[in-house]
1. Inverting the mean 1/r over all pairs of different Cα atoms, compute the Kirkwood radius of region A:121-164 and quote it in Å.
2. Would you please give the FRET efficiency between A:His69 and B:Ser344, computed as 1/(1 + (r/R0)^6) with r the Cβ-Cβ distance and R0 = 45 Å, to the nearest 0.05?
3. How are the C-alpha pair distances of region A:175-239 spread across 10 Å bins, as whole percents from the shortest bin up?
4. What length, rounded to one decimal in nm, is gained on full extension from B:Arg361 through to B:Ile110, with 0.36 nm per residue of separation minus their alpha-carbon distance?
5. Show the residues, 5+ positions off or on another chain, whose built amide H is closer than 5 Å to the amide H of A:Gln82.
6. Once you order the gyration tensor axes a ≥ b ≥ c over the Cα atoms, which shape class does region B:210-334 get: rounded for a/c under 1.5, otherwise prolate or oblate by comparing a/b with b/c?
7. Nearest 500 deg cm²/dmol is fine: what mean residue ellipticity at 222 nm does chain B get from its DSSP H runs of n ≥ 4 alone, each adding -39,500 (n - 2.57), divided by its residue count?
8. Send over the per residue convex hull volume for the protein assembly as shown, Cα only, as a whole number of Å³.
Amino acid sequence: MTLLELKDVHTYYGNIHALKGISLAVEKGEIVTLIGSNGAGKSTTLRTISGLLTPRHGEILLEGQRIDHLPAHEIVARGVLQAPEGRRIFPRLTVRENLEMGAYQRRDADGIQRDMERVFTLFPRLRERINQRGGTLSGGEQQMLAIGRALMGRPRVLLLDEPSMGLAPVLVEQIFNIIREINQQGTTILLVEQNARMALSIAHRGYVLETGRITLSGEGKSLLDNPKVKAAYLGEVGH
Amino acid sequence: MTLAGVFGPLGQVFVFVVGSAIVLSVITVLVAFLLRGTRTNVDLVQATLTILPQVIVDGLVRGFLFATIALGYTMVYGVLEFINFAHGEIFMVGAFSGAALGTVLAASGILNSIPPLLFVLIAVIVGMVVSGTLAMTIERVAYRPLRNAPRLVPLISAIGVSLLLQDGMRLIANVTGLGFNARFPTPNFGPPLQLAQIPTADGRTIPLILDVRALIFIAAATLMLIGLNYLVNATKMGTAIRAVAQDRPTASLMGINVNQIIALTFLIGGALGGAAGVLFGVRVGTVNPYIGFLPGLKAFTAAVLGGIGNIPGAMVGGIVLGFLEAFVASYLSLLTGGAFSGASYADIVAFAILILILIFRPSGLLGEAVAQKV
């Protein structure tokens, strides 16, 4: 069934029309990716879903229930969690405290402890750094922490904004393997990426975003083979 | 959320308390020693040492006063990067609520049958509730609607609230009969404690006394600082306050209700200010609607001195400023042979220090260079 659905969503920054009618759907259990170049509106889409921005027109539905116009913390309460662009780790909180903030709305101490163990199993590096301040971690470790922190909220849908940004290729590969693993453990994922090849290779379906509009959509594999996508986002010349 | 997180900052504060007391004492005695030849009628070193214990107690009281008020400035600055210039008046309203309680109890004739400590406890709780609620209300009415306005706008709003509270309290004090200079009735605390007899060179002794109310002030403020440290560093709520202070949008992505946390910050800061107001009133004995101005300004100085936004910094800044003032107020006159009357120079020194610190260490004693938020 459709877990998350956007219907003709328009978002503005002041007078700038950033999203010009986005419609997309994420089915339960999927990895869906949103690819596009800088400024296409990928992060804006995620910020609108999370309630940091309010759409001027359109609807955002979670399992058929409207969540647009809800404050951000209530959207989190409904199970939509985001690892934002640039990781946004709390620099002067420890790794443990950062993770605890991901579970802010939960009251089940045992469950929180179990999920923290799960995060440490996915990212053993974080266990080694548990009492270190977030700001002292490397970029890769911060990305792991950002994903782990969002997982601590037991997301029904996990929004990932550019997890590959600024990371060495070997780390990118590692992060994407873990994203796939998280999905295989049952978490639905909406992934925003500039690294289209990586994103499409693990996604069930994908959407291509250009200047606030969706111009293409399809299965991950078929988009990888699409000549337009190849030319514009995979750096290959069409043939 | 470890114990180290609680005791680390408190240890830091303790080091600064003891350190600044020792450093200032040594400097003062040294100056007295160097100047001893200039005076024939008194032994300067002896005179300096005789009043030293009282100066330190006085410094502690002033220091804790500034520290408890400074926390309100620094916590609000931490989450909003905004100076709540009405905070001095929140302190004043707390003092008045304690005075009102004392007056009511005195009028019904039961004030002196209440144990003094119990009275202080009740008055502090009343002051915390009144000031905490007031601070939260001010945020809701006067600051939150302006959250996205240019930065100067809420500042003007704060100055407006400050004037409103001063003159509003003046009106209330007159209408209710408390009076402009309202008495702060308390049960009798009894005579000051005699700690020791200090012998002087000419064979007399000077008693070393400690005012019970000063002791209560220091003890109560210490408890509050420990409590606040625990709340901020060892509870989930405190972690959320720090998260909101560090990155507001991301905190809301964690499911933190940012408005609620900001309101909570005003509640805590206001309650501390109100408690300080009551303790101040108990010690001084009278209150008026303008008593918030100077302590508020000095507490703001203390917050900047310690590093604005930094909680242990506010405590350290308050204590250091309190000691400086106490030493200047007590010793300047003595050491200069009366050329400068110390008490009136204390403020000059306090603000000169602020300017010097800002020039040489803009981020304050404990302030960190925090990267500009993106």
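The values are calculated or read from the model by the stated rules, or taken from the named source; none is laboratory data. These numbers were taken from a predicted model, which means no experiment stands behind them. Cβ placement follows ideal geometry from the backbone for every residue including glycine, while neighbour counts extend to all protein chains displayed. For the accessible areas, the whole protein counts, side chains as well, though only heavy atoms, and no ligand, DNA or RNA atoms are used. Shrake-Rupley method; radii C 1.70, N 1.55, O 1.52, S 1.80 Å.
1. Values: mean 1/r = 0.0897 Å⁻¹.
Averaging 1/r across every pair of different Cα atoms and inverting gives 11.1 Å.
2. Details: r = 59 Å, r/R0 = 1.31.
Here the calculated transfer efficiency is 0.15.
3. 20, 53, 24, 4
4. 85.1 nm
5. Here the answer is A:Leu159, since their amide H atoms fall under 5 Å of that of A:Gln82.
6. Working: a/c = 2.27, a/b = 1.98, b/c = 1.15.
Taking the square roots of the gyration eigenvalues as a ≥ b ≥ c, region B:210-334 is prolate.
7. Numbers: 12 runs with 264 residues, N = 374.
Helix-only estimate at 222 nm: -24500 deg cm²/dmol.
8. Considering the Cα atoms of the protein assembly as shown, their hull volume per residue is 188 Å³.
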